[in-house]
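Colleague: Have a look at this one before I ask anything.
Bear in mind these aren't lab numbers, they're just calculated from the coordinates by the rules spelled out. Just so we're clear, the structure is a prediction, and the values are computed from it rather than from any experiment. So basically every Cβ, Gly included, is an ideal-geometry build from the backbone, and we count neighbours across all protein chains shown.
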Amino acid sequence: MNNKSLSILSYITIIGWIIAFVKSKDVTPKSDLVTYHLKQGFGIFLFSFAVNIILSVVVFTVTSLYFLNYIGYALFILWIFGIINAANEQKKPIPVIGKMFEDKFGFIN
């Protein structure tokens, strides 16, 4: 797999992220592009997971806030931006939340 494929795969479910993570360890020299998108992909996964749990609890307890479920569409759009950046081989953060993940997740290096 080339660096572009690994970068895109890092956004496609957590299983795709694990495959990209394992395959990126085999690639020499290390690709900054793949490492960057592994961090962004893992960050959007964790962020989406946390937001969905919080929203589920809030909407379950206060059903009149059902419109908050539309936040999921916004997360989906951010995820698409990440895939587009990986496909274009750009090291651009995901809009709004991507800057948070650039210096996190030291185990990915």
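Colleague: What ³J(HN,Hα) values, in whole Hz, does the Karplus curve 6.51 cos²θ - 1.76 cosθ + 1.60 give for segment 14-26 when θ = phi - 60°, with x put for Gly and Pro?
Modeller: 6, 5, x, 5, 5, 4, 5, 5, 5, 5, 5, 5, 7
Colleague: Shifting gears a bit: Over the chain, what is the relative contact order in percent, taking alpha-carbon pairs closer than 8 angstrom and at least six residues apart?
Modeller: That works out to 33 percent.
Colleague: For the chain, what is the mean residue ellipticity at 222 nm derived from helices alone (per DSSP H run of n ≥ 4: -39500 (n - 2.57); sum divided by total residues; nearest 500 deg cm²/dmol)? Please list the in-between numbers first.
Modeller: Details: 4 runs with 68 residues, N = 109.
That calculation yields -21000 deg cm²/dmol at 222 nm.
Colleague: Give the long-range amide H neighbours of K92: residues separated by 5 or more places, or on another chain, with amide H under 5 Å away, using H modelled in the peptide plane at 1.01 Å from N.
Modeller: none
Colleague: Could I ask something else about it? Grab the Cα-Cα distance for V58 and V96, subtract it from 0.36 nm times how many residues apart they are, and report the gain in nm with one decimal.
Modeller: Between V58 and V96, full extension yields an extra 11.4 nm.
Colleague: Another question about this same structure. Aspartates and glutamates within cross-link reach of K91: Cα-Cα under 16 Å, excluding same-chain residues under 8 positions apart?
Modeller: Excluding near neighbours in sequence, the set is D32, E102, D103.
Colleague: Now for a different question. Starting from the 7 Å offset along Cα-to-Cβ, what nm value, one decimal, do you get for the label separation of M1 and N109?
Modeller: 2.3
Colleague: Sticking with this structure for a sec: Where does helix 32-61 land angle-wise versus the long Cα axis of the chain, in degrees 0 to 90, nearest 10?
Modeller: 10
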